[in-house]
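These notes are about the structure you will find just below.
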Amino acid sequence: MITITLLGTGSPIPDPNRAGPATLIQAGEENYLVDAGRGVLMRLTAAGCGANMLNGVLITHLHSDHITDLNDVITSAWITTFGKPKPLQIVGPPGTKEVVDRILHFLSFDIGYRIDHHADLNDPPDVDVIEIESGNVELEGIVKISTEPTEHRPVHPTIGFRFDYKDDAVVVAGDTIPCAGLDKLCVGAKGLVHTVIRKDIIENIPIERLQDVCDYHSSVEEASQTAERAGVETLVLTHYVPAFPSGQGEEWKEIASQHFSGRIELGDDLHRVEID
Ligand SMILES: [Zn+2]
Ligand SMILES: [Zn+2]
């Protein structure tokens, strides 16, 4: 069984009830965080997982809403790891290493304060970054992780992740329009977690900067068609733009069901879906 927890179902638009994009994937004893948006550690804690329990942090792309709290993950993993240092594994597209290096630079005063203050803290955060665009992600866990490029231009490169555990597989697409890389990742998978926006609503809001988001995200219809094409059993929608009030996602589900015949899941932050 693979458990999906939608830690943050929001978007760049601040929302009092929705944290930024982040998804927790759990299988066996392992915990993987996909993206690290606004408030990720509050939600991770609510899901019963600590930063020091993460087997990997997987970044789909370097848009601010997906990485804004990555610094908090790095700091919290560092100061809550006792005894032998265990590197925090971060995986992302090319550019991720530079972002992590800059985060560590931005944190350098704090890192100095903590090393000076705690006798048992002698080294800066131990962070290991893997940059990848396609293929198997070499982490030490039992869960097999692979990635393929997605399509979110001008944001480039961007990637989606697939998690295989025993007979189950789940794909986390990130922000993308329908594309060959995502289709490839979804072959034989049981679950697909997909970012969605309601183009039918946004098209009627006369704000150009909002209109722009339509050309590099999937609509509910497009995400559902991707899921149907791949034959997945469960489609999990997240990253709602514009977000619906708590408990009022029925219309989104209804639209998805016109294009996808399987199980459709969506909801508030901490919505949990089991795949088996
Ligand atoms: Zn994005
Ligand atoms: Zn996004």
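The values are calculated or read from the model by the stated rules, or taken from the named source; none is laboratory data. Treat the numbers as computed from the prediction; the structure is a model and nothing was measured. Cβ sites come from the backbone with ideal geometry, for glycine too, and all protein chains shown count toward neighbours.
Conditions tested, residue by residue: (1) touching a Pro at 6+ places or on another chain (Cβ under 8 Å); (2) in contact (Cβ under 8 Å) with a residue 24 or more places away in the chain.
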{"position": "190", "(1), (2)": "no, yes"}
{"position": "209", "(1), (2)": "no, no"}
{"position": "212", "(1), (2)": "no, no"}
{"position": "217", "(1), (2)": "no, yes"}
{"position": "239", "(1), (2)": "yes, yes"}
{"position": "242", "(1), (2)": "no, yes"}
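Which ones in region 47-72 are within 16 Å of ligand 1 (Cβ to nearest atom) and either outside any loop (DSSP other than H, G, I, E, B) or under 12 Å from residue 93 (Cα atoms) (or both)?
Within region 47-72, 58, 59, 60, 61, 62, 63, 64, 65, 66, 67, 70 qualify.
Scanning region 194-247 for residues that are within 13 Å of ligand 2 (Cβ to nearest atom) and β-branched (Val, Ile, Thr) gives 195, 196, 197, 213, 238, 241. Meeting the requirement of 2 or more residues that are polar (S, T, N, Q), the strands (runs of 3 or more DSSP E) wholly within region 181-272 are 234-241. Could you say whether any residue in region 95-115 is part of a loop (DSSP other than H, G, I, E, B) and within 16 Å of ligand 1 (Cβ to nearest atom)? The answer is yes; a qualifying residue exists.
Just one of the listed residues (190, 199) is crowded, with 17+ Cβ neighbours inside 10 Å, at pLDDT below 95 and of a type in the set (D, E, K, R), and it is 199. When the residues of region 202-234 are filtered to those that are among the hydrophobic types (A, V, I, L, M, F, W, C) and exposed (fewer than 15 other Cβ atoms within 10 Å of the Cβ), the one that is nearest to residue 154 (Cα to Cα) is 207.
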